[in-house]
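**Student:** Please read through the structure below; I'll follow up with questions.
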Amino acid sequence: MPEYPVILGVYSLKQESGIGMGDTSTRRDTVTYWFARQTGPESFDVQPLNIYHVPSGVITHLGAGEFLGKYTPEPQYYRMYTVPALNSLARKLAEGEDLLAEGKLDEAEKAFIKALMIDEKHVKANYGLGTVYSEKKDLQKLAKVINTLLNIEDAFSQEYREQFNTFGITLRRNRHYDAALTFYERALELDAMDEHVYFNMARAHYEKDALAECANALDIALAINPDFAEAKKFLEHCKRRMEEGGAGQA
């Protein structure tokens, strides 16, 4: 049994379109190229290729009938154009991540920017660049990266959960609490039943000394998952501080 998702490669989609009106109208075929993955026995994802031949932009979910009936495999295109471009992107991303781990922020920034020149909506590269700007306390550039991530729905998917969590921790550690909260609020727009996001929101509120908001977020986390032991302990601590007169407002 295959382990999904399975990368299928590049597929083309031919669509007929009309030009002109009346007696002067003509029909022509338009061909577009898509990166395809099989996500289940009867489900597929397609994502358009950008000018650099890498997948970028909105992912469309298709059933087996529509995908197999409309899309045509393009193995030569995939080998000649997309594979080399994806390899180049992967090298730049890996270089950026290695430099970031070594604390070489300026060099990491350059590597992530090179990756984003190939795919400006690449999730991992944007998370990496955002981490660089958070560490450098460059709030203006950080805001731009966060705005980009907020508009990439896939950035909050399970596939990028590790990057999402790490980025949130980085924002909080560097005292970018409002940015972290904005990020978590966007995640909840896509999945309002994620107790871990509420827990992380509570930690950001706590660091701002907004104890009432912290307790409220923990209450919601526990309503979703009553067995969330870490949230229970955190809520007890928060309530003790509030009873001691330590409740602050953001």
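The values are calculated or read from the model by the stated rules, or taken from the named source; none is laboratory data. The model shown is predicted, which means the values in this text are computed figures rather than measured ones. We place every Cβ from the backbone using ideal geometry, glycine too, and count neighbours over all the protein chains shown.
**Student:** Would segment 82-90 turn up any residue that is of a type outside the set (A, V, I, L, M) and under 15 Å from residue 11 (Cβ atoms)?
**Tutor:** yes
**Student:** Just to verify a result, which residue in segment 219-250, among those that are modelled with pLDDT of 95 or more and in a loop (DSSP other than H, G, I, E, B), is surrounded by the fewest Cβ atoms within 10 Å (Cβ to Cβ)?
**Tutor:** Here the residue is 227.
**Student:** Follow-up. Say we look at segment 110-160 and pick out the residues that are acidic (Asp, Glu), in contact (Cβ under 8 Å) with a residue 60 or more places away in the chain and not in a helix (DSSP H, G or I); which of these is nearest to residue 178 (Cα to Cα)?
**Tutor:** It comes out as 120.
**Student:** Could I ask something else about it? Name the pairs: first residue in segment 38-50 and free of Cβ contacts under 8 Å to residues at least 40 places away in the same chain and within 13 Å of residue 65 (Cα to Cα), second residue surrounded by 15 or more Cβ atoms within 10 Å (Cβ to Cβ) and among the small types (Gly, Ala, Ser), Cβ to Cβ under 9 Å, at least 6 apart or on different chains?
**Tutor:** 44/36
**Student:** Against the definition (modelled with pLDDT under 95 and of a type in the set (Gly, Ala, Ser)), how does residue 69 come out, yes or no?
**Tutor:** no
**Student:** Let me ask another. Quick one: count up the residues across segment 174-218 that are part of a loop (DSSP other than H, G, I, E, B) and either out of contact with any Gly (no Cβ under 7 Å at 6 or more places or on another chain) or aliphatic (A, V, I, L, M) (or both).
**Tutor:** Counting residues in segment 174-218 that are part of a loop (DSSP other than H, G, I, E, B) and either out of contact with any Gly (no Cβ under 7 Å at 6 or more places or on another chain) or aliphatic (A, V, I, L, M) (or both) gives 9.
**Student:** One residue is enough: does segment 132-139 have a residue meeting the conditions hydrophobic (A, V, I, L, M, F, W, C), within 12 Å of the chain's Cα centre (by Cα) and surrounded by 15 or more Cβ atoms within 10 Å (Cβ to Cβ)?
**Tutor:** no
**Student:** So for segment 193-200 (the condition being among the β-branched types (Val, Ile, Thr), surrounded by 15 or more Cβ atoms within 10 Å (Cβ to Cβ) and closer than 29 Å to residue 122 by Cα), does at least one residue qualify?
**Tutor:** There is at least one residue in segment 193-200 that is among the β-branched types (Val, Ile, Thr), surrounded by 15 or more Cβ atoms within 10 Å (Cβ to Cβ) and closer than 29 Å to residue 122 by Cα.
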